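*Asks:* A single structure is presented below for examination.
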Amino acid sequence: MSLTISIPDALRRSVEAASRGRNTVIYTTKGQPCFMAVLTKYDVSSIDASLGSGTHPAFIVDGVEKSEILIGQYGGSVSNGELVSRPGVAVAQSLNHDEFDTLARANGTGWHLVTNAEWVALQLLDWKSGLLSRGNTDHGRSSDDTTEVGVQESGRVLATGSAGGGTRVLTGSGPMAWRSGRTPFGASDLSGNVWEWTPGLRIVAGEIQVIPDNGAASPTADLSAASTAWMAIDGATGALVAPGSAGTVKYAASGTADYTLVCASGAAFEGMTNPGSTPVGTAALQLLKRLGGFPIASSGLGGDGCWVDVTGERIPLRGGPWNSGRRVGAFALGLHSARGSRSVYTGTRPAFVA
């Protein structure tokens, strides 16, 4: 066996053994190792009765159920023209949605940006456990527990009790509480550090549109603005219908329009309401809960915020940046950025499905 093969195999074996299969290492087309969290298929009824029953949408790609999906254990960084998941490096930022998507798909078949459905699958497990992960939400430390700090990109580590003053931290450099499930094997930095692009859901002039199930993870997915894969949600039945159809579910900052969910931009996501003169029906709400478009509960989601801009096309950001304090976290939802937006506050991470 050649050295080129044996070294990657040894790394993968060591990671899988140390984590008892909860983490693995897989390789890009150019042979770069990526550290991944293994997310195993589950039935939504195991999370909450309000979700109904059936496999969570994250595990259904092109109509085929997947036993597991792999999520970057660390925020994505760019290396040799690919988007990789590695500990202890600066997270990539200031690229737009399509630029990040190109980098992730350059990793090879099965690679993609972490999708909205995948993020929410992790998010719901955290909520079920009662252990929402914390993170860099206050300039290098956690706003919920200021004794928790990460290593900043400069290499500086804040002293306990420091007032902060930093920005992003190196991937995975925070404590165990900064990982999903608050275990060493969870995905790190889902709360804070940077907003993360999560395709597969969008709003267009306030109308909520989705690519069915986890179709955004498909190797043949068309995520473009003009893609015919986008479907709206019938407010009465929850059926997927053509965008622009009558009676589809929309977002607004206020009002009582039919089939319209209301959340003032910057208000708590868990405070989103369904006040329409004809409210969104149970089946549609169930679908939106499964996809993180409507809160699973009216409290206990960390008070994370929801930012909505109903002009034009807006693609979801999740998690929030380092400087927004208790308004950001795993349940934070940003629907205020166009696909072409670039910001030092915005990154993403890779994911993989076989």
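*Asks:* State all residues of segment 308-354 that are within 14 Å of G75 (Cα to Cα), in contact with a helix residue (DSSP H, G or I) (Cβ under 7 Å, 6 or more places away or on another chain) and among the β-branched types (V, I, T); if no residue qualifies, say none.
*Replies:* Within segment 308-354, just T348 meets the criteria.
*Asks:* How about segment 67-83: which of its residues are buried (at least 18 other Cβ atoms within 10 Å of the Cβ) and assigned to a loop (DSSP other than H, G, I, E, B)? If you could, list the steps in order and put the result at the bottom.
*Replies:* Keep residues of segment 67-83 that are buried (at least 18 other Cβ atoms within 10 Å of the Cβ), which gives 69-78, 82-83.
Passing the criteria: Q73, Y74, G75.
*Asks:* Right, another one. Step by step: first the residues of segment 43-62, then only those that are in a loop (DSSP other than H, G, I, E, B), under 14 Å from L291 (Cα atoms) and touching a residue at least 40 places away in the same chain (Cβ under 8 Å), then the one that is most open to solvent (accessible area, probe 1.4 Å). Which residue is that?
*Replies:* So the residue we want is D48.
*Asks:* F331: open to solvent by 10 Å² or more (accessible area, probe 1.4 Å) and within 16 Å of the chain's Cα centre (by Cα), yes or no?
*Replies:* Working: open to solvent by 10 Å² or more (accessible area, probe 1.4 Å): no; within 16 Å of the chain's Cα centre (by Cα): yes.
It is false that F331 is open to solvent by 10 Å² or more (accessible area, probe 1.4 Å) and within 16 Å of the chain's Cα centre (by Cα).
*Asks:* For segment 13-31, enumerate the residues that are closer than 24 Å to A106 by Cα and either in contact with a Pro (Cβ under 6 Å, 6 or more places away or on another chain) or surrounded by fewer than 18 Cβ atoms within 10 Å (Cβ to Cβ) (or both).
*Replies:* V25, Y27, T29, K30, G31
*Asks:* Going by the structure shown, is G181 within 19 Å of the chain's Cα centre (by Cα), open to solvent by 10 Å² or more (accessible area, probe 1.4 Å) and more than 22 Å from G325 (Cβ to Cβ)?
*Replies:* yes
*Asks:* Got a number for residues in segment 226-266 being open to solvent by 40 Å² or more (accessible area, probe 1.4 Å) and either more than 19 Å from T311 (Cα to Cα) or of a type in the set (A, V, I, L, M, F, W, C) (or both)?
*Replies:* 12
*Asks:* I've got another one for you. For segment 84-100, check the following and say yes or no: at least one residue is open to solvent by 20 Å² or more (accessible area, probe 1.4 Å), among the small types (G, A, S) and in a strand (DSSP E or B). Walk me through it before giving the result.
*Replies:* Restricting attention to segment 84-100, the residues satisfying the condition of being open to solvent by 20 Å² or more (accessible area, probe 1.4 Å) are 86-90, 93-95, 98-99.
Narrowing further to those that are among the small types (G, A, S): 88, 90, 94.
Cutting the leftovers down to in a strand (DSSP E or B) gives us none.
No, every residue in segment 84-100 fails to be open to solvent by 20 Å² or more (accessible area, probe 1.4 Å), among the small types (G, A, S) and in a strand (DSSP E or B).
*Asks:* Show the residue pairs that are 6+ apart or on different chains and have beta-carbon atoms under 8 Å apart, the first residue being within segment 203-218 and without any contact (Cβ under 8 Å) to a residue 24 or more places away in the chain, the second being of a type in the set (F, W, Y).
*Replies:* From segment 203-218, the pairs are I211/W230.
The values are calculated or read from the model by the stated rules, or taken from the named source; none is laboratory data. Just so we're clear, the structure is a prediction, and the values are computed from it rather than from any experiment. Positions of Cβ are backbone-derived with ideal geometry, glycine not excepted, and every protein chain shown enters the neighbour counts. Please note that ligands, DNA and RNA were not included when accessible areas were found on the heavy atoms of the full protein model with its side chains. Shrake-Rupley method; radii C 1.70, N 1.55, O 1.52, S 1.80 Å.
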